[in-house]
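Presented below is the structure to which this report refers.
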């Protein structure tokens, strides 16, 4: 087994959910280093996931999340290829985590391709004017604003947001890891987020911050 032990294989299986044969191969390739083997499996899984991206996914779940104070609610549709996967515990956990992510972080779009060019251009013009007023050199304005727009889009779009339970991963990373694990195309299709009194004149409360604080408690 090339100095790879059953204990290492067991640990890798528990940490990744991968099959024994894949774990053994990864550990052999990585000379028994479990952390490197995790990265090896991740890259392999993401490559497989990319091949599945074009497959039709019309099954899945519509899930809901209501924040404990009853002030924020989310409806989320997540698609997969079969109702068998829709009933899988890992798929259900994913939809629950994504619903909580939307409540906490207030995404407005699933992916950046959905953001209208008119919205992006309007935001760009605002930031250009702000940069000019701050006295930034003219020749640097475009580069500065491009960086700001890139960051703004990541905050706006669900799949690009860092996962609230593990900010080393994005929601896209989480989705692709699930594709690799379950062997089906999985896609976050759409969502709606409701905040009590949104759009009405009211006392200023940061409900999203409350959700984020609650998630932080769950992580500890």
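The numbers here are math on the coordinates, done by the rules we state, and not lab data. None of the values given here were measured: they were computed from a predicted structure. Quick reminder, even Gly has a Cβ in these numbers, built from the backbone with ideal geometry, and neighbours come from all protein chains shown.
Label-to-label distance, residue 96 versus residue 124, with points set 7 angstrom from Cα along the beta-carbon direction: 4.2 nm. Each label was represented as a point 7 Å from its Cα along the Cα-to-Cβ direction; for residue 108 and residue 69 these points are 2.3 nm apart.
I need the peptides 137-149, 93-105 ranked by packing, meaning the mean over residues of other C-beta atoms within 10 angstrom, with the highest value on top. Can you show the working numbers first?
Values: 137-149: 12.5, 93-105: 22.0.
Top to bottom by mean Cβ count within 10 Å: 93-105, 137-149.
Neighbouring Cβ atoms within 10 Å as the yardstick, rank 41, 156 fewest first. In increasing order of surrounding Cβ atoms, one gets 156, 41.
Distance between the modelled labels on residue 3 and residue 33, one decimal in nanometres: 1.3 nm (7 Å Cα→Cβ projection).
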